[in-house]
């Protein structure tokens, strides 16, 4: 029977100088691999593209083009007789590993900025078209003029960027670039929803406008980024399932952003009730897309606002009673099950019991 010599025993039989020489040779071979050279060029040229950190994202599209070209050269020049890999994605994974091993953390920040710029550009186009449509409606102008000649221009080809990122595998579910994409989406989404709805309590159709923005701006942008064109390798059923999954994620994200803004404003909404009834009903609609935890957070936040802004000696009892009555009406609209109303009502009831004029205000009121 032939016995094998353990690697540790083989290393022990070598002198220290021989071991160092072998380690240096291995390091040199790694550094001269095509993937390492391509990664070095990508990081070096990207960092040299701008003098300021804030502008680094602008050169990413061009550098991605070059990096994908290098990847295709590696695949074309691959010789299975000299090097056998166990899996087909070897070139993609070794190149990606080499890039992220060399790149500073600002690379992910730059991708996050690039994604945000692309989404904000689509938002600006949408706003411009809405403005033109409103102007035409006011002026009864039926001419076909969408104002596209004045549209702001994006400095890179979105579809090409996303295609390159998918080619590199950088938009897979658990990649850091995919995480940057989601972070950019949530940032722009939160800012946009706040701008659209903040302080608008008595207007009808606010939630509808947010849904329109979601369907015309956010969803197409995200689908362009994460969804590849269907092919024979991927059945249409799988593509439809992916679309459905992303639809649910987008619906949840938009509703969550809507609820977060209204959570900060709920005290004012209650104080303005019943004039703010449209805001209450639309908040109820948004909550239906979220979880029970969001309702609990809403109730807890409102309770804290009551204690901070109302339950203090500076507020008169009549005012406290009026807000309390409004709060009960609002919460029964938001949560007909009355499951959370005690969370809101108990601190107010406890505070009113401590006031000497509560009974008199109730009788005279």
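When residues of the stretch 82-136 are filtered for being outside any helix (DSSP H, G or I), modelled with pLDDT of 85 or more and more than 26 Å from residue 156 (Cα to Cα), how many remain? Spell out how you get there, then give the answer.
Step one: filter the stretch 82-136 for residues outside any helix (DSSP H, G or I), giving 82-89, 103-105.
Restricting the remaining residues to those that are modelled with pLDDT of 85 or more gives 103-105.
Restricting the remaining residues to those that are more than 26 Å from residue 156 (Cα to Cα) gives none.
Residues meeting the conditions: 0.
Any chance you could count how many residues in the stretch 329-345 are surrounded by fewer than 16 Cβ atoms within 10 Å (Cβ to Cβ) and either more than 36 Å from the chain's Cα centre (by Cα) or part of a helix (DSSP H, G or I) (or both)?
First pass over the stretch 329-345, keeping only residues surrounded by fewer than 16 Cβ atoms within 10 Å (Cβ to Cβ): 329, 332-333, 336-339, 342.
Adding the requirement that they be either more than 36 Å from the chain's Cα centre (by Cα) or part of a helix (DSSP H, G or I) (or both) leaves 329, 332-333, 342.
Result for the stretch 329-345: 4.
With respect to residue 51, is the statement that it is at pLDDT 60 or above and more than 30 Å from residue 103 (Cβ to Cβ) true? Quick ask: steps written out before the conclusion?
Values: at pLDDT 60 or above: yes; more than 30 Å from residue 103 (Cβ to Cβ): no.
No; evaluated as a whole, the condition is false for this residue.
Residues in the stretch 175-199 that are crowded, with 16+ Cβ neighbours inside 10 Å and not in a helix (DSSP H, G or I): how many?
Adding up the residues that qualify gives 1.
Anything in the stretch 346-360 that is modelled with pLDDT under 80 and either within 22 Å of residue 303 (Cβ to Cβ) or within 46 Å of the chain's Cα centre (by Cα) (or both)? List them, or say none.
Once the filter is applied, which keeps residues that are modelled with pLDDT under 80 and either within 22 Å of residue 303 (Cβ to Cβ) or within 46 Å of the chain's Cα centre (by Cα) (or both), the stretch 346-360 yields only 358.
Condition check ((1) at pLDDT 80 or above; (2) surrounded by 12 or more Cβ atoms within 10 Å (Cβ to Cβ); (3) under 27 Å from the mean Cα position of the chain (by Cα); (4) closer than 19 Å to residue 156 by Cβ) across all residues:
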position	(1), (2), (3), (4)
42	yes, yes, yes, yes
47	yes, yes, yes, yes
55	yes, yes, yes, yes
61	yes, yes, yes, yes
73	yes, yes, no, no
79	no, no, no, no
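For the stretch 159-174, enumerate the residues that are without any contact (Cβ under 8 Å) to a residue 60 or more places away in the chain, part of a loop (DSSP other than H, G, I, E, B) and either in contact with a helix residue (DSSP H, G or I) (Cβ under 8 Å, 6 or more places away or on another chain) or surrounded by 15 or more Cβ atoms within 10 Å (Cβ to Cβ) (or both). Lay out the reasoning, then the answer.
As a first pass, look at the stretch 159-174 and keep what is without any contact (Cβ under 8 Å) to a residue 60 or more places away in the chain: 163, 171-174.
With part of a loop (DSSP other than H, G, I, E, B) added as a condition, the list becomes 171-174.
Hits for the stretch 159-174 are 171, 172.
In the stretch 286-298, is there at least one residue being closer than 24 Å to residue 339 by Cβ, in contact (Cβ under 8 Å) with a residue 60 or more places away in the chain, assigned to a helix (DSSP H, G or I) and in the same structural domain as residue 199 (by TED's automatic domain parsing)? Before the answer, list the steps.
Going residue by residue through the stretch 286-298, those that are closer than 24 Å to residue 339 by Cβ are 286-298.
Within this subset, residues satisfying the condition of being in contact (Cβ under 8 Å) with a residue 60 or more places away in the chain are 286.
With the extra rule that they be assigned to a helix (DSSP H, G or I), the set shrinks to 286.
Subset that is in the same structural domain as residue 199 (by TED's automatic domain parsing): 286.
Yes - at least one qualifying residue is present in the stretch 286-298.
The values are calculated or read from the model by the stated rules, or taken from the named source; none is laboratory data. Computed from a predicted structure; not experimentally measured. All Cβ positions, even for glycine, are placed from backbone atoms using ideal geometry, and neighbour counts span all protein chains on display.
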